[in-house]
Amino acid sequence: MLQFAKPVARNLGHAVLRRHRYPAYKPTIRSLASLAQEEPAQHHSCSHSLLILGKPGGGKGTISGKILNDFPQFRHVSTGDELRQHVRNGTELGKEAKKYMDVGALVPDDVMIKMVMEDAIEASKSGQSLLLDGFPRTIEQAAALDTELDVDLVINLCIPDATIVERISDRWIHPASGRVYSYSYKPPRVEGRDDETGDALVQRDDDRPESVMRRLSAYEAATAPLVRYYEGKGVARTFRGTMSDVIYPEVKGWLDDRLAEDDNAEATV
């Protein structure tokens, strides 16, 4: 059985960062350390790196939005969105990632970690914490990220597969505009037709029940070990339910407690 040592992190400014072990990254971390000395952040509380995990269609985006609203000290880092932004802007990271994306290959973990670390450095300048969404997704990625960044809070949303299949397979779109309809909570005025144009609605192949089940199976295979990894480090909490509005008060209560514990600990130092 694997045993995980309690992570040792150093707080540089307000980003909880690991001592870098890769030579290519050392200048970045030295720069961050100097920033922390020259421009000490004014935010009063400890900073954190919060990871949110959840199945496709499991309400992760909704819960993330509520967290950002109630805990403005967190900066949202959606790695998929960030990666696309880097590619659009033609940054060095974007060019490196595009080489893999253009041939249909997965972007290597070290490139993804560089991108996350850029956000960590930016967050440190304003005393923000990080809300990580989309990376890491596997235990191998988590172990690699651990050498650079201390993920100290993990929320795992566990929604029944049947609920997700019903929710996603109920979704129909108007291809030209991207408008989305759901017969359970946002039905079109005329069945099968777009409200504004009257065009026929279609269902994406990925939204068909059999496709959804395949995606859920793949997610479970990759993420179950990741949840156990963070549980073994004592930083993860699983929240179960079928409705985000019911689950979120439990999430908020847990975050309130964890953040208060760290604020109290900081006050006694």
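The values are calculated or read from the model by the stated rules, or taken from the named source; none is laboratory data. The model shown is predicted, which means the values in this text are computed figures rather than measured ones. Every residue, glycine among them, receives a Cβ derived from its backbone with ideal geometry; neighbour counts consider all protein chains shown. The accessibility values were calculated without ligands, DNA or RNA, using every heavy atom of the protein model including side chains. Shrake-Rupley method; radii C 1.70, N 1.55, O 1.52, S 1.80 Å.
Evaluated at 20 °C with a viscosity of 1.002 mPa s, what Stokes-Einstein diffusion coefficient in µm²/s does the stretch 139-210 have when Rh comes from the Kirkwood expression over alpha-carbon pairs? Could you put the intermediate results ahead of the total?
Values: Rh = 15.1 Å.
In µm²/s, the coefficient rounds to 142.
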Enumerate the amide H contacts of Arg179 below 5 Å, restricted to partners 5 or more residues apart or on another chain; note that Pro and chain-start residues carry no placed amide H.
His174
How big is Rg to Rh over the stretch 151-260, alpha-carbon atoms, Rh as the Kirkwood inverse-mean-distance radius?
1.10
In whole Å, largest first, the alpha carbons of the stretch 84-199 cover along the principal axes 53, 34, 32
According to a simple spin-label model (label point 7 Å from Cα along Cα-to-Cβ), what is the distance in nm between Ala218 and Asp245?
3.3 nm
Cut-off under 16 Å on the C-alpha distance; same-chain residues fewer than 8 positions from Lys125 excluded. Which aspartates and glutamates are left, in chain and number order?
Glu38, Glu39
Please list 171-178, 54-61, 157-164 highest first by mean number of surrounding beta-carbon atoms within 10 Å per residue.
54-61, 157-164, 171-178
Would you please put 133-146, 104-117 in order of how densely packed they are, using the mean number of other Cβ atoms within 10 angstrom per residue and starting with the highest?
133-146, 104-117
I'd like the carbon and sulfur percentage of the solvent accessible area for the stretch 198-269, probe radius 1.4 Å, heavy atoms only, ligands and nucleic acids excluded.
51 percent
With the dipole of the stretch 186-264 defined by +1 on each Lys or Arg Cβ and -1 on each Asp or Glu Cβ, the option from Tyr229, Val212, Tyr248 whose Cα lies farthest towards the positive pole is Tyr229
Set of lysines near Lys233 by C-alpha distance (under 18 Å), chain-local residues within fewer than 8 positions excluded
Lys6
Taking the simple approach of a point 7 Å from Cα along Cα-to-Cβ for both Ala105 and Ala260, what is their distance in nm?
5.0 nm
Could you work out how much longer the chain between Arg189 and Asp81 gets when fully extended? Use 0.36 nm per residue separation minus the Cα distance between them, nm to one decimal.
35.6 nm
Any chance you could get the radius of gyration and Dmax over the Cα atoms of the stretch 127-171, in Å?
14.9, 42
Using all alpha carbons of the stretch 58-139, what is the percent of pairwise distances in each 5 Å bin, ordered from the shortest bin to the longest?
3, 13, 23, 23, 19, 13, 5, 1, 0
Amide H partners (placed H, <5 Å) of Leu130, local residues excluded
His48, Ser49, Leu50, Arg75
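If packing is taken as the average count of other Cβ atoms within 10 Å, what order do 181-192, 209-220 fall into, highest mean first?
209-220, 181-192
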Reachable lysines from Lys186, Cα under 24 Å, same-chain residues fewer than 8 places away excluded?
Lys55, Lys60, Lys66
Short version: ³J(HN,Hα) in whole Hz for each residue of the stretch 68-76, in order, from phi by Karplus 6.51 cos²θ - 1.76 cosθ + 1.60 (θ = phi - 60°), x for Gly and Pro, what are they?
5, 6, 8, 10, x, 6, 8, 9, 6
